[in-house]
Structures are given as C-alpha cells and as structure tokens.
1. State, to one decimal in nm, how far the label point of L173 lies from the label point of I204, with both points 7 Å from Cα in the Cβ direction.
2. Using a ≥ b ≥ c from the Cα gyration tensor of region 45-158 (square roots of the eigenvalues), is it rounded, prolate or oblate, where a/c under 1.5 gives rounded and otherwise the larger of a/b and b/c decides, a/b for prolate?
3. Need one word for region 167-255: rounded, prolate or oblate. Basis is the Cα gyration tensor (sqrt eigenvalues a ≥ b ≥ c); a/c below 1.5 gives rounded, then a/b vs b/c decides.
4. Under the classification rounded if a/c is under 1.5, otherwise prolate if a/b is larger than b/c and oblate if not, where does region 223-409 fall, given a ≥ b ≥ c as square roots of the Cα gyration tensor eigenvalues?
5. What is the sum of charges around R114, taking Lys and Arg as +1, Asp and Glu as -1, for the other residues whose C-beta is under 15 Å from the C-beta of R114?
6. Springs between alpha-carbon pairs under 10 angstrom, Gaussian network model over the chain: which of K277, K206, K350 fluctuates most?
7. 7 Å from Cα along Cα→Cβ at both F104 and T393: what's the point-to-point distance in nm?
8. With both partners inside the chain, how many of the DSSP beta bridges are antiparallel, as a percent to the nearest 5?
Amino acid sequence: MLDRNKTSYQLNIAYLFQSIGTKFSESRAEQLHTLYTIRGLQKLQHHAVLLALYGQNVILSGDLEAITSGKLLDNHFAKPGCSGSRQFKLFERAIRRAQMEVNFPYLALFDSYRMYDACCSNLRGYDLIHERYTTPAVGGVLASKKLGIPFILEVNGDVIEQRAHRGEPERGLRLLLSLRTTRLCFDSAARIICTSPVLGNHLIDKWGVDAGKVVILPCAVDVELFSQTYDPDVVRGILGLTTEPVVMWIGGFHVWQDLDLLVKSFTMVLRFIPDAKLVMVGDGQTRHLVEQSVQESELQDAVVMVGAATFERIPEFLAAADVAVSPSPRFPAGHHGTPMKIFEYMAAGKAIVATNIDQIAAVIQDGHSGRLVEPGDVRGFANALVTLLQNPTERRRLGQNAKQQAAEQHTWEQYSRRLEEIYLSVL
C-alpha cells in the first residue's frame, strides 16, 4: 500500500485487458505492451497483476511466465462471484445461443459483467485499476466506482475509428453502446494515457476529454534484447541470402500498413540495385494480397516471405537488414499510436525509412535518426531506400543515432518510472 511517509512503497495495481480471444502466448503488439508494462512495475517492487478474459473465466495473475506460456493453473484465475455459478453460466449460454440464432449483435455484456464481478471479488485493497481501452467494455470502470479505486485508462487508438478504417464499422445498437461505454470510460478516468501527442489531441478535440487528465507516454522497447549481437552472415544464410543489399519489414499484414507502397517502391529500387532483396517477416489478414501483388509485379525472386516469427527472433532477423522500413498510410488521427516496430528498429541500430505521419514524426527525426517520406510517395520512398543502400556510412550514422535515442529515451525502465509518476499524481 502507498505510504507517503516512507521512502519506499508498494502499490497494488490491477491491469485490465477486456478483449475476448486475446492469447498472451502470442507475440502481438498489444500482448507485448501489456506484459512489459506489468513486468516493469514488478521490477519497481509494485504488486502488479493482470486481469484478462479467458473463455468463461478471468485470469488474475502476476506470474508472467505462466501467462506467456499458456500454462495456467487454478491459482492463476480470479475467484469468481456470481458469474462463476453454474446457474449464471447456463443462463449466459442460453442467451448467447438465442442471440446467434436471431443474428443479434455482440455487445460484450456478459464479458463486462464477468470482469466487473472478478474485480469486485478480488481487488479490495488495491490502489488503482489500469485498463487498456477497448469497446464496448465497462467492467473495469464500474468496478472502480464500486470499490472506490482510481481508474486509469490506457488508450492506444480510437477503437471505433480503427474498426471503421479497416472496413468493419460499428452499426446500430453496437455503435450506440460503444459510444456510451467509451464516453463513460473517458469521463470516469482519473488519467488517460495516450501513446502519441496526435492521439491525445484527437481525444481532446473529438471526444471533449479534459486536457488536464491526458498524459502522453510513448511505447518503449527492450533495448537489451534488441542490442544483442548476431552474425549477419549466419542470419542471411538462414534466409537463403548471401551478400545482397537487404530491405526488411517486420509486422502484421493489416490494412493500416501501406505494403502496396512498399512493393511498388521496391520495384523501382531494383532498377538501380538489381540484386537487392526485400525480406518481410510476419503474418496477417492481408498477406495473401501482398503475395498476389508480388507475383503480379514478378518480384518472386526478389522478395523473401519469412512468415510469422516469435518475438525473441525479431532481433536476430534484423541483424540481416541494411535498411528497416515502416510504410503507413495517413490514417485518421485517432487510429493509432506509434508502431512498436519503430522503437525496435531504433534499438537494433538500423537505418530506418518510414512514412511521415504524425505518430512516427514525433519519434524519428528526419535526417538524424531516420529518413521520413510523405505517405503515398512511391518515388520518394524508393529514392530514400536507394540512397541508403548505396551509402553504408550514412546507414551507420542514422543507425547509431537511432540506437542512442532508444537507449536514452525509450527503455521499458524509463516507461515504468514515468507510469509510476502518473499513478502517484493520482494517488
């Protein structure tokens, strides 16, 4: 518990993630961000636990190894209240079956109640609730009111806008509920943590959030992990490469990645550097479209599709890269924070070419820690790649500057300290 009369203290922190179907054994950005946040707080000697949905149960655990490995025991689950009773589960099953039969929209009401029930049954005596924003989700905010615990909301993007941008807009009753639950969470939060200034301004301008409770806390990176040394020749051999110039992209194949720009610009790169290779590491919904574009452009021999890789192997693959890229379209202001790959490229000491969107420009200094190109500018992106591939001295300079910035400004230890300050400003 917090005792301001002592020089040391321990906060009891519950980190909530009410997103159905999330598997913490997967190395996706949201899982990694959550787990590094909890681990960082624990290293500062705070008692931090994760509450997340798991089927019809709620994980409640600070045992990160169990969460990431998926080896969950009975003591990793929250003590259920009413939601754990056999009668409640039978009632839920019947309602869900009826909803499916009449194609009723999914409103996450049972999920919200399960989270609320778990919080009320297990978090008495905790100092605060920190929830990663999604919608519709009100279990955490209602529990904070019931328990009298301050509520911190972490916003990594305007979920309603994100879903609309990827062609899955909220409609009807679900849209109404999403708007109301989002408004409740924004109004009730003691602090709202945003990953970029542009996202913070979006919440203030669109949602009317009080600017005084918006704090900007960019993502961070495991500098130690991404600073490991690998033999580039060995890694290139694994990828079937030798001495070719390598452009590398790492991430999820999604609509918010402008991979069409990347493929088109790389086609132009090959006119100047015929032996260059584009290595793409990752998987996702739009991968087949990218593969189709590669075939139509007759780039099969120049593009290496690695597929999904564990998070621990990303630094190894980056050792083979001469230039690392992050192409993004100019999406709505509330769509996203800064891509985590940017921080990973920086920590690995890579020369970076990225599109000049506000979220990335807040981190990368053009000409100092990377090269920024306007969104949609195929020729400009290609020129930046060619310039760096042909200039190893400039690549080293940009990579060294980026690595130094990552070590000085973007470590998880620094992130955790700043998060601790935000908590204390509330308490």
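1. Placing both labels 7 Å beyond Cα along the Cβ direction yields 3.8 nm.
2. Working: a/c = 1.65, a/b = 1.38, b/c = 1.19.
Since a/c reaches 1.5 and a/b is larger than b/c, the shape of region 45-158 is classed as prolate.
3. On the way: a/c = 3.95, a/b = 2.14, b/c = 1.84.
It comes out prolate by the Cα gyration axes.
4. On the way: a/c = 1.26, a/b = 1.06, b/c = 1.19.
Cα axes put region 223-409 in the rounded bin.
5. +2
6. Residue with maximal mean-square fluctuation among K277, K206, K350: K206.
7. Label at F104, label at T393, 7.1 nm between them.
8. Antiparallel: roughly 15 percent of the beta bridges in the chain.
Each reported figure results from applying straightforward, stated rules to the coordinates on display, with no laboratory input. Because the structure is predicted, anything quoted here is derived from the model rather than measured. Don't worry about glycine lacking a Cβ; one is built from the backbone with ideal geometry, like all the others, and counts go over all protein chains shown.
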